[in-house]
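Visitor: Okay, handing you the structure first.
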Amino acid sequence: MRTDQPQTIYLKDYQAPEYLIEETRLRFELHDDQTLVHAELQLQRNPARGAGLPPLVLHGEELELLAVALDDQALAAGDYQVEAGSLTLQPQGEAFVLKTSVRIHPESNTALEGLYVSGTMFCTQCEAEGFRKITYYLDRPDVMSVFTTTVEADKARYPILLSNGNPVASGDTEGGRHWATWEDPFPKPAYLFALVAGDLWCVEDSYRTGSGRDVALRIYVEPENISKLQHAMDSLKKSMRWDEDVYGREYDLDIFMIVAVNDFNMGAMENKGLNIFNSSAVLASPRTATDAAHQRVEAIVAHEYFHNWSGNRVTCRDWFQLSLKEGFTVFRDAGFSSDMNSPTVKRIEDVAFLRTNQFAEDAGPMAHPVRPDHFIEISNFYTLTVYEKGAEVVRMLHTLLGPDGFRKGTDLYFERHDGQAVTCDDFIKALEDANGADFSQFKRWYSQSGTPRLAVSEQYDAAARTYRLTFRQSCPPTPGQPTKEPFVIPVQLGLLDGQGRELPLRLEGEAAAQGTDRVLSVTQAEQTFTFVDVPERPLPSLLRGFSAPVKLSFPYSREQLTFLMQHDSDGFNRWDAGQQLAVQVLQEMIAGQPLDTRLVEALRTVAADESLDPAMVAEMLSLPSEAYLVELSEQADPGAIHGARRQARRTIAEALRDVLWQRYRSAREESRATPYQASADHIARRSLQNAALGYLMLLEEPEARDAALEQFEHADNMTERLAALSALVNSGFEQEKAEVLARFFEEFKADPLVMDTWLSVQASSPLPGGLARVQALMENPVFTLKNPNKVRALIGAFANSNLVNFHAEDGSGYRFLADQIITLNRLNPQIASRLLTPLTRWKKYGPARQALMRAELERILASGELSSDVYEVVSKSLA
Ligand code: TRP
Ligand code: ZN
């Protein structure tokens, strides 16, 4: 907890470190009631900071200093100052050795930052500034050091002792204890440090790199999970191959380890050679994990592995540059997932997620640029903007340079900056230098926050056979940024004729047409492009593949959207045309008008189309989410949004009953006939099957209920069983609902990850009485506030995925959430802060709800000593 006023840190104040740490030697003595950390640091004055020997200020939090020595001279109390976050002392020469010993308490660390205990093991999480809770250090990413780490613990309870790099020595000591020493030859910032001790089992495999080196691969878990590692191991090997093939990047140590832990604040962490994962991001088996969970494991394993180059070998100079590694690595893992699965479906999922969640962040009180320029608590900036919008920015660079130019740029970036801590500017400069490009205007994407609007209008001249597209860009004000300069917006597009064929694209001034799909760069506030030789009035297909993270508008008629849904050659835009049509229709319904049946007829065509990828059919059948409809509203009415969407879904189910049953039955029959496979075609089949079941259950007919029960009972995999469970939970079949919930609980109560889904399904059910159900579940022994996955599964699902119940008019949902945040603020500030998100969106709702939400934010602010995490979000939300 903070004791002084939280301070804002500014990018403009960046200064290189006064001292560097050449070598770091650590010794950990792990005990039940305390851990001793002995550090020996070889320090040196940073030559880049010139002459003189300023005081050395080391970071350190919640450490009990036991001893400190400079060049083997023990220091007396007057020789140094210990303050809340620091240890200050005066060096006597340019190079010196500092030794410290501290006592820490991982056994009572509920914040899950630094060294902590999860279940039966010790583990660490140091990013961003957690290493300072382990020992006094220069805990900043531009201080890179080689680490040697010795871990000593009870041998029977902690037979496995791990750290970064390679194992170099081990042995036994008195009292049944033992030790192991690890050496990491690659200089790294402290945030990549890791330590694990426990009674762990592992699966082992190996990988031969392109240059012929063999790398040992190990994934460690608590023994009960040993059978759920095959998918992660397969994903790891695929990632290693892919990074060689696509980016020319090989792994660099002889061993690569992953450890799964149950208590973890985020998805996973890319510690050098020793990734630590939330068990939800590693464990997968057909019986316990859905297809989506399998794909998440594959993506996160890849993401952390890819960080070895984009993050570890080349790291960040300071935390303002976080997107340098995160945006780029998300872009890389998206490319991997896209190559391993259906590229169109992957893109649809990513864009739906970005538009729903990142656009909302960009429109809220915590809006910030991809490269923020100030923060109070860096943990609050692991955001959708830094990660997802950051990845979109890299994707635009890829679009502008083309795959070959982009690869030349990344080759130069990795070569030029290997072993360095650099900035987003360095990344752009490498792409520019390798291609002779100029991205000076493009770089506004890093410094300007907010989601740009791009309004497009058309003008066809039949006599001149010209077609003009005029683009007008603007960007709403965001905190600290009242006005913006124009962005570079790559618009990928095509023009369709009346038969849905693509027209050749020739711009005015060009000698010949250049294909039927191309990218225009919109760089001005208003800009017109004129196509020539256009034989008829075309229908434009704009922003194909979502080529820029903007809100595009074009005055399409509903007939034109239906036409695009059927004819566009770009799969993403076919889906998007359907979404735009559905949004228009739903917005009318929210305003009290009846359902426009053109939507139903368009979906009928989609549902019956056997030539379409079933996963695409499933995507196109799913209406825009409640959360997306909220994001699109000026002033959201949760009841009206929920009601309109449910009414539309019911009407669609009735109208499409026959085709939905037909598709459901044929898919379910195939599922019954073939054992589970996580392959793309099987995943696609199951997603359509489950989408159909979801619709059919809305009819509340015995036939659908029986189908859901059959699927719940007989399916051999979690994807089908969970879909059946969730359909029943959201139905009015009270008795069946209670039965399947109880049976699911009995079958899986020993599996924490499956219990997470059991909690989530109930927490997100829109049926009346949601809060009472959630409160009852908090009393269930499987729930604990100390486990972030449980908090997300129950409280997070209620606040983020249960629109009507969370926004109950009496404010009970808000009050409940604030109560949990006040408790969590003391236990785990990072989780408390993340749970605040739905309350920060108060401006989206009507005056009554606004007042209730603000009152809860005020109550949190007044509730006592706030962590910097919670303080920053609450105070910015109220400002
Ligand atoms: N670097 C991690 C990733 O994106 C993020 C992360 C893991 C993290 N654990 C964290 C960030 C704890 C802040 C706090 O791959
Ligand atoms: Zn990452």
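The values are calculated or read from the model by the stated rules, or taken from the named source; none is laboratory data. Note that the coordinates shown come from a computational prediction; the quantities given were computed from them, not determined experimentally. When we count neighbours, we look across all protein chains shown, and the Cβ atoms used for this are built from the backbone with ideal geometry, even at glycine. We work out accessible area using only protein heavy atoms, side chains counted, and drop any ligands, DNA or RNA first. Shrake-Rupley method; radii C 1.70, N 1.55, O 1.52, S 1.80 Å.
Visitor: Looking at GLU669, GLU634, GLU700, can you tell me which residue is part of a loop (DSSP other than H, G, I, E, B) and either without any contact (Cβ under 8 Å) to a residue 12 or more places away in the chain or of a type in the set (S, T, N, Q) (or both)?
Guide: Answer to the selection: GLU634.
Visitor: Return yes or no: is ALA363 away from ligand 2 (no atom under 16 Å from the Cβ) and out of contact with any helix residue (DSSP H, G or I) (no Cβ under 7 Å at 6 or more places or on another chain)?
Guide: So ALA363 passes the test.
Visitor: While we're here: Just for the stretch 288-318: of the residues that are assigned to a helix (DSSP H, G or I) and within 13 Å of ligand 2 (Cβ to nearest atom), which one is nearest to ALA678 (Cα to Cα)?
Guide: ALA299
Visitor: Starting from the stretch 321-346, take each residue that is within 11 Å of ligand 1 (Cβ to nearest atom) and list its partners that are of a type in the set (Lys, Arg) and open to solvent by less than 10 Å² (accessible area, probe 1.4 Å), counting only C-beta distances under 6 angstrom and pairs at least six apart or across chains.
Guide: Once the first residue is within 11 Å of ligand 1 (Cβ to nearest atom) and sits in the stretch 321-346, no partner that is of a type in the set (Lys, Arg) and open to solvent by less than 10 Å² (accessible area, probe 1.4 Å) comes close enough.
Visitor: Within the stretch 424-441, which residues are open to solvent by 60 Å² or more (accessible area, probe 1.4 Å), charged (D, E, K, R) and farther than 15 Å from ARG371 by Cα?
Guide: Scanning the stretch 424-441 gives LYS429, ASP433, ASP438.
Visitor: Could you please let me know if ASN271 is of a type in the set (S, T, N, Q), within 20 Å of the chain's Cα centre (by Cα) and not in a loop (DSSP other than H, G, I, E, B)?
Guide: no
Visitor: Please specify each residue of the stretch 817-831 satisfying the condition of being touching a Ser or Thr at 6+ places or on another chain (Cβ under 7 Å) and without any contact (Cβ under 8 Å) to a residue 60 or more places away in the chain.
Guide: Those that are touching a Ser or Thr at 6+ places or on another chain (Cβ under 7 Å) and without any contact (Cβ under 8 Å) to a residue 60 or more places away in the chain: ILE822, ASN825.
Visitor: Follow-up. Filter the stretch 771-810 for residues that are under 20 Å from LEU283 (Cβ atoms) and in a loop (DSSP other than H, G, I, E, B) and give the result.
Guide: Across the stretch 771-810, the qualifying residues are VAL782, PHE783, THR784, LYS786, ASN787.
Visitor: Could you tell me whether VAL297 is of a type in the set (A, V, I, L, M, F, W, C), at pLDDT 95 or above, out of contact with any helix residue (DSSP H, G or I) (no Cβ under 8 Å at 6 or more places or on another chain) and more than 11 Å from ligand 1 (Cβ to nearest atom)?
Guide: Criteria not met by VAL297.
Visitor: Does GLN358 satisfy the condition of being buried (at least 21 other Cβ atoms within 10 Å of the Cβ) and of a type in the set (S, T, N, Q)?
Guide: yes
Visitor: Of all residues in the stretch 853-879, count the ones that are farther than 15 Å from ALA799 by Cα and open to solvent by less than 60 Å² (accessible area, probe 1.4 Å).
Guide: Going through the stretch 853-879 one residue at a time, the tally reaches 17.
Visitor: Sticking with this one: Can you tell which of ALA281, ALA334 is farther than 25 Å from PRO372 by Cβ, among the aliphatic types (A, V, I, L, M), within 13 Å of ligand 2 (Cβ to nearest atom) and under 15 Å from the mean Cα position of the chain (by Cα)?
Guide: It is ALA281.
Visitor: Among the residues in the stretch 557-564, are any over 33 Å from the mean Cα position of the chain (by Cα), of a type in the set (Ser, Thr, Tyr), surrounded by fewer than 19 Cβ atoms within 10 Å (Cβ to Cβ) and more than 21 Å from LEU656 (Cβ to Cβ)?
Guide: yes
Visitor: Scan the stretch 469-486 residue by residue and report those that are open to solvent by less than 90 Å² (accessible area, probe 1.4 Å) and not aromatic (Phe, Trp, Tyr).
Guide: Result: LEU469, THR470, GLN473, SER474, CYS475, PRO476, THR478, PRO479, GLY480, GLN481, LYS484, PRO486.
Visitor: Have a look at GLY93, GLY60, GLY85 and point out the one that is at pLDDT 95 or above, touching a strand residue (DSSP E or B) at 6+ places or on another chain (Cβ under 9 Å), of a type outside the set (Lys, Arg) and exposed (fewer than 12 other Cβ atoms within 10 Å of the Cβ).
Guide: GLY93
Visitor: Could you say which residue among GLY402, GLY436 is over 28 Å from the mean Cα position of the chain (by Cα), farther than 16 Å from VAL522 by Cβ and without any contact (Cβ under 8 Å) to a residue 24 or more places away in the chain?
Guide: Just one listed residue meets the conditions, GLY436.
Visitor: In the stretch 223-248, how many residues are open to solvent by less than 30 Å² (accessible area, probe 1.4 Å) and not in a helix (DSSP H, G or I)?
Guide: Counting residues in the stretch 223-248 that are open to solvent by less than 30 Å² (accessible area, probe 1.4 Å) and not in a helix (DSSP H, G or I) gives 1.
Visitor: Would you please name the residue that is surrounded by the fewest Cβ atoms within 10 Å (Cβ to Cβ), looking only at residues in the stretch 65-82 that are within 19 Å of ARG25 (Cα to Cα) and among the acidic types (Asp, Glu)?
Guide: ASP72
Visitor: When MET269 is evaluated against the numbered criteria (1) touching an Asp or Glu at 6+ places or on another chain (Cβ under 7 Å); (2) open to solvent by 10 Å² or more (accessible area, probe 1.4 Å); (3) within 9 Å of ligand 1 (Cβ to nearest atom), which criterion, by number, is the only one it fails?
Guide: Of (1) touching an Asp or Glu at 6+ places or on another chain (Cβ under 7 Å); (2) open to solvent by 10 Å² or more (accessible area, probe 1.4 Å); (3) within 9 Å of ligand 1 (Cβ to nearest atom), only one is false for MET269: (2).
Visitor: Does GLN850 fit the bill of being open to solvent by 30 Å² or more (accessible area, probe 1.4 Å) and not charged (D, E, K, R)?
Guide: When the stated conditions are applied, GLN850 passes them.
Visitor: Let me ask something additional. Can you name the condition, by its number, that GLY171 falls short on among (1) free of Cβ contacts under 8 Å to residues at least 24 places away in the same chain; (2) of a type outside the set (Lys, Arg); (3) in contact with a Cys (Cβ under 8 Å, 6 or more places away or on another chain)?
Guide: (3)
Visitor: Next up: Counting only residues that are within 18 Å of PRO106 (Cβ to Cβ) and not in a strand (DSSP E or B), which one in the stretch 192-201 is most open to solvent (accessible area, probe 1.4 Å)?
Guide: ASP199
Visitor: Is there a residue in the stretch 278-287 that is assigned to a strand (DSSP E or B) and either open to solvent by less than 30 Å² (accessible area, probe 1.4 Å) or not small (Gly, Ala, Ser) (or both)?
Guide: yes
Visitor: Could you tell me which of the residues ILE226, ILE255 is without any contact (Cβ under 8 Å) to a residue 60 or more places away in the chain, in contact with a strand residue (DSSP E or B) (Cβ under 9 Å, 6 or more places away or on another chain) and not basic (Lys, Arg)?
Guide: ILE226
Visitor: Sticking with this structure for a sec: Go through the residues of the stretch 306-318 one by one and say whether even a single one is more than 24 Å from TRP201 (Cα to Cα), without any contact (Cβ under 8 Å) to a residue 24 or more places away in the chain and not polar (S, T, N, Q).
Guide: no
Visitor: From ARG241, ARG249, grab the single residue that is more than 30 Å from VAL754 (Cβ to Cβ), of a type in the set (Lys, Arg) and free of Cβ contacts under 8 Å to residues at least 60 places away in the same chain.
Guide: Among ARG241, ARG249, only ARG241 is more than 30 Å from VAL754 (Cβ to Cβ), of a type in the set (Lys, Arg) and free of Cβ contacts under 8 Å to residues at least 60 places away in the same chain.
Visitor: Are any residues in the stretch 489-527 within 32 Å of the chain's Cα centre (by Cα) and open to solvent by less than 50 Å² (accessible area, probe 1.4 Å), and if so, which ones?
Guide: ILE489, PRO490, VAL491, GLN492, LEU493, GLY494, ARG518, LEU520, SER521, VAL522, THR523
Visitor: Given (1) within 20 Å of PHE186 (Cβ to Cβ); (2) crowded, with 24+ Cβ neighbours inside 10 Å, identify the lone condition not met by VAL330.
Guide: (1)
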